[in-house]
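FYI, it's all coordinate maths here, none of it is from the lab. Keep in mind the model is a prediction, meaning the values are calculated, not measured. Positions of Cβ are backbone-derived with ideal geometry, glycine not excepted, and every protein chain shown enters the neighbour counts.
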Amino acid sequence: MKFALLIFSVLALVWLLRAASRRRVRPPDPGAPAKPPQAQAMLACSHCGVLMPRDEALPGRGGVFCGAEHRDSFERSHPSP
Ligand SMILES: [Zn+2]
């Protein structure tokens, strides 16, 4: 009988812990609309004119560039005074 009581109390404890953790972790509200991805400004490379998102643009002398090669090439052909 003692053994059954022990098993029962352990099960009750596990059940209580699981219920408590389930209460703490709330599922995301299905009513809230998902955030749309932010629209990003597109910039043109000063060397080749390719469009790229602002995050990927490489700033340099004379504008923004799609990569270091184009920045260096542009800066070589347009030396600063
Ligand atoms: Zn380019």
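Once the Cβ-Cβ distance of E69 and Q38 is raised to the sixth power relative to R0 = 30 Å, the FRET efficiency obtained is 0.60.
On the principal axes of its alpha carbon atoms, the stretch 42-81 extends 29, 14, 13 Å, with the longest extent given first.
For the pair L58 and H78, the difference between a 0.36 nm per residue extended length and the Cα-Cα distance amounts to 5.5 nm. Taking the fewest neighbouring Cβ atoms within 10 Å as the starting point, the ordered list for M42, M1, M52 is M1, M42, M52. Mean-square fluctuations from a GNM of the chain, with a 10 angstrom spring cutoff on Cα atoms, peak among A12, A34, A68 at A12.
Dividing the convex hull volume of the alpha carbon atoms of the chain by its residue count gives 190 Å³ per residue.
Among residues other than V64 with Cβ under 15 Å from its Cβ, the summed charge is -2 (Lys and Arg +1, Asp and Glu -1). Helix 68-77 axis versus longest C-alpha principal axis of the chain: approximately 20°, rounded to the nearest ten. Computed over the chain with a Gaussian network model linking Cα atoms closer than 10 Å, the most mobile of L13, L43, L58 is L13.
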